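Visitor: Right, I'll just put the structure down here and ask away after.
The values are calculated or read from the model by the stated rules, or taken from the named source; none is laboratory data. Since this is a predicted model, take the numbers as computed values, not measurements. Neighbour counts are summed over all protein chains in view; Cβ atoms, including those assigned to glycine, are modelled from backbone coordinates with ideal geometry.
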Amino acid sequence: MYFLLTYSFFVILLSIFIKKKKLFLNYTGDSHQFFSNQKNIPLIGGIFLILPLILINYQNIIYSILLILIFLLGFLSDQKILISAKKRFLLQIILVFSSVILLDLEILSSKLILFDYFLKHPVFNIFFTTFCLLILINGSNFIDGLNGLLLSYMTFIIFILLKLGLLNALSIEYDFIIYLIFFIIIIFLLNLCNYLMLGDAGAYILSFFVGYLILKCHISSPNISPYFFITLLWYPCYENLFSIIRKLKSKLSPLIPDNNHLHQLIYTRFKKKIIKSQLIANNVSSLIISIVNFIIILISSLNPYSSFYQIKLIIFSIFLYSFIFIIIKKRP
């Protein structure tokens, strides 16, 4: 544990040094990356996160190798070495598909008789679980457009899983989880101060890790409603699905990024109407969305066994997202 605390201190100093030396900068100029910050910020969040996420489950060599490969995919994307969105998505599919098979990830039940019949077939289960993880990973990358938004959201989920004791059956040391939460908070604060950004690498591995945790909790705790786990992940997943439908409706490719996600619209409204400072508008927008998400996740944890309770909360969350999106989009 002393090593991990030393590592945290080292990360803080190294972040300051890298920012001063202007290394690993977000120099791409893509509009979707610069809509809320036009400064060159180091894309090093993933570089710092990879070690703690490996140590969480260091006994599992396959897990470590897959996590490193997913990190490398995001890192190549961040550095504009892998530019093609189609090639990147294809590699995502291969890696996630392999992870589902090699790590024995599956979805046991949906509480729907007909759908559960299909889930009993291994091939269908593998493809559906892969699809769900891909939705989560790409949706998480979408919501990473504001400082700290993805980091805070994933921290809430890990905290709730820890609070409910769902991680006890996963052979993960309690102290490691506490340290991970502590370390993510450090990355969160550095992100708020523009010393670093997660980048694709950070978003990929953090969301994959949380998806891995949730699937393992689902497998080890079948008495918990599967809709509870859906509630935990509703925001990035719905962000992705909503974005796909929105782009297809506008005859655009779902693989091409844009600036019309809800968090971007909220930021733009704050920047134009209320707060002139780009950084403050960014952080305030992220804080507001994070508070709403924390309340939803906290409410979901009050009754994780009831599917009816969770479905009502999911419907409410989706309605709230869609309603706010429509209102902001209609008003100039």
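Visitor: Filtering region 38-54 down to residues that are surrounded by fewer than 18 Cβ atoms within 10 Å (Cβ to Cβ) and more than 19 Å from the chain's Cα centre (by Cα), which residue is modelled with the highest pLDDT? Don't jump to the end; show me each part of the working.
Guide: To start, the set of residues in region 38-54 that are surrounded by fewer than 18 Cβ atoms within 10 Å (Cβ to Cβ) comprises 38-40, 51.
Next, only the ones that are more than 19 Å from the chain's Cα centre (by Cα) stay: 38-40.
Working: Gln38: 51, Lys39: 62, Asn40: 75.
Once the filter is applied, the top-ranked residue is Asn40.
Visitor: Among the residues of region 301-332, which ones are in contact with a Phe, Trp or Tyr (Cβ under 7 Å, 6 or more places away or on another chain) and aliphatic (A, V, I, L, M)?
Guide: Listed by number, the residues that qualify are Ile311, Ile314, Ile318.
Visitor: Pick out, from region 183-280, the helices (runs of 4 or more DSSP H) lying fully within it that include 1 or more residues that are surrounded by fewer than 19 Cβ atoms within 10 Å (Cβ to Cβ) and of a type in the set (A, V, I, L, M, F, W, C). Give the derivation first.
Guide: On the way: elements: 199-220, 226-232, 234-249, 262-273.
Here the list reads 199-220, 234-249, 262-273.
Visitor: Among the residues of region 306-322, is there at least one that is outside any helix (DSSP H, G or I), more than 16 Å from the chain's Cα centre (by Cα) and modelled with pLDDT under 85?
Guide: First pass over region 306-322, keeping only residues outside any helix (DSSP H, G or I): 306.
The next check asks that each one be more than 16 Å from the chain's Cα centre (by Cα); those that pass are 306.
Now restrict to residues that are modelled with pLDDT under 85: none.
Scanning region 306-322 turns up no residue that is outside any helix (DSSP H, G or I), more than 16 Å from the chain's Cα centre (by Cα) and modelled with pLDDT under 85.
Visitor: Please work out if Leu5 is assigned to a helix (DSSP H, G or I), modelled with pLDDT under 90 and over 24 Å from Leu82 (Cα atoms). Before you say what the answer is, go through the steps one by one.
Guide: Working: assigned to a helix (DSSP H, G or I): yes; modelled with pLDDT under 90: yes; over 24 Å from Leu82 (Cα atoms): yes.
Yes: the conditions hold for Leu5.
Visitor: Counting only residues that are touching a residue at least 40 places away in the same chain (Cβ under 8 Å), over 25 Å from Asn60 (Cβ atoms) and outside any helix (DSSP H, G or I), how many does region 81-111 have?
Guide: 2
Visitor: I would also like to ask the following. Could you list all residues from region 156-172 that are more than 16 Å from Phe183 (Cα to Cα), surrounded by fewer than 20 Cβ atoms within 10 Å (Cβ to Cβ) and of a type in the set (A, V, I, L, M)?
Guide: So in region 156-172, the residues more than 16 Å from Phe183 (Cα to Cα) come out as 160-161, 163-172.
From what's left, surrounded by fewer than 20 Cβ atoms within 10 Å (Cβ to Cβ): 160, 163-165, 168-172.
Of everything in region 156-172, those that are more than 16 Å from Phe183 (Cα to Cα), surrounded by fewer than 20 Cβ atoms within 10 Å (Cβ to Cβ) and of a type in the set (A, V, I, L, M) turn out to be Ile160, Leu164, Ala169, Leu170, Ile172.
Visitor: Given the criterion of a type outside the set (Gly, Ala, Ser) and free of Cβ contacts under 8 Å to residues at least 12 places away in the same chain, identify the matching residue among Ile266, Ile256, Ile274, Ile214. Walk me through how you get there before you give the answer.
Guide: Numbers: Ile266 fails: free of Cβ contacts under 8 Å to residues at least 12 places away in the same chain; Ile256 fails: free of Cβ contacts under 8 Å to residues at least 12 places away in the same chain; Ile214 fails: free of Cβ contacts under 8 Å to residues at least 12 places away in the same chain.
Selected residue: Ile274, the only one of Ile266, Ile256, Ile274, Ile214 that is of a type outside the set (Gly, Ala, Ser) and free of Cβ contacts under 8 Å to residues at least 12 places away in the same chain.
Visitor: Is there any pair linking a residue in region 280-302 that is farther than 27 Å from Leu196 by Cα to one that is in a helix (DSSP H, G or I) and polar (S, T, N, Q), with Cβ under 6 Å and at least six apart or on different chains, and which?
Guide: That search, which allows pairs on different chains as well, returns Ile296/Ser317; Ser300/Thr231.
Visitor: Just checking, which of Leu73, Leu114, Leu146, Leu49 is hydrophobic (A, V, I, L, M, F, W, C) and not in a helix (DSSP H, G or I)? Steps first, answer last, please.
Guide: Details: Leu73 fails: not in a helix (DSSP H, G or I); Leu114 fails: not in a helix (DSSP H, G or I); Leu49 fails: not in a helix (DSSP H, G or I).
The unique qualifying residue is Leu146.
Visitor: Restricting attention to region 157-182, which residues are part of a helix (DSSP H, G or I), hydroxyl-bearing (Ser, Thr, Tyr) and either touching a residue at least 24 places away in the same chain (Cβ under 8 Å) or closer than 16 Å to His218 by Cβ (or both)? Break it down into steps so the answer makes sense when it comes.
Guide: Taking region 157-182 as the starting set, the residues that turn out to be part of a helix (DSSP H, G or I) are 157-163, 168-170, 174-182.
With hydroxyl-bearing (Ser, Thr, Tyr) added as a condition, the list becomes 174, 179.
Matches in region 157-182: Tyr179 only.
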